[in-house]
Amino acid sequence: MPRFDPVRVRGRCRSGRLVRHRRRAVAVGLAVTATALVAAGPRDADGARGQPRAQSPARTASLPEEHSARTHRAVGATTAPVRIADAATVRLLRPGDRVDVIAAEDTATGGEARVVARGARVREVPEPVEGALDGGALIVLSVPRATAARLAGASATARLAVTLW
């Protein structure tokens, strides 16, 4: 068999370069995958996507189970319109504020106050409707579904108030 000169291909294939530099190729692949996962991940109203929430151990221990970061995403947040008894307090609120919602039974006859929602995020503060006779003001909160059900039940039997964080 006669001898041939080696075949030289003009221009190099990029995939051949990546094969030669496997570690670099794996690092690039992981970076692209991580970026795609963060971009496609769930949007969290508390901060940037893909960033864990910073909570102190004391704060996490005091919250009900549905407010922990792990179950919060599983349960899913929903919006809940809530009528707060004191309209002047509602004027202090802005979208993005965190509030605790307190249901106050008739305390003059021995009823008690209880916290219905902790750390609810204010989504919207609608303008008051002219001529509203029932008093109070409406706010829209972002809360887990179970908390939204408790808010609806409490608003039927008690006056609701908020405390700012």
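Laid out as a table, the results:
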quantity: Residue selected from the stretch 59-90 under the condition modelled with pLDDT of 50 or more and in a helix (DSSP H, G or I), by the criterion surrounded by the most Cβ atoms within 10 Å (Cβ to Cβ); calculated: 90
quantity: Residue within the stretch 91-103 that is surrounded by 13 or more Cβ atoms within 10 Å (Cβ to Cβ), at pLDDT below 90 and outside any strand (DSSP E or B) present; calculated: no
quantity: Some residue of the stretch 125-134 being modelled with pLDDT of 90 or more and surrounded by 12 or more Cβ atoms within 10 Å (Cβ to Cβ); calculated: yes
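The values are calculated or read from the model by the stated rules, or taken from the named source; none is laboratory data. Small disclaimer: the values here were computed from a predicted structure and weren't measured. Backbone-built Cβ (ideal geometry, glycine too); neighbour counts: all protein chains shown.
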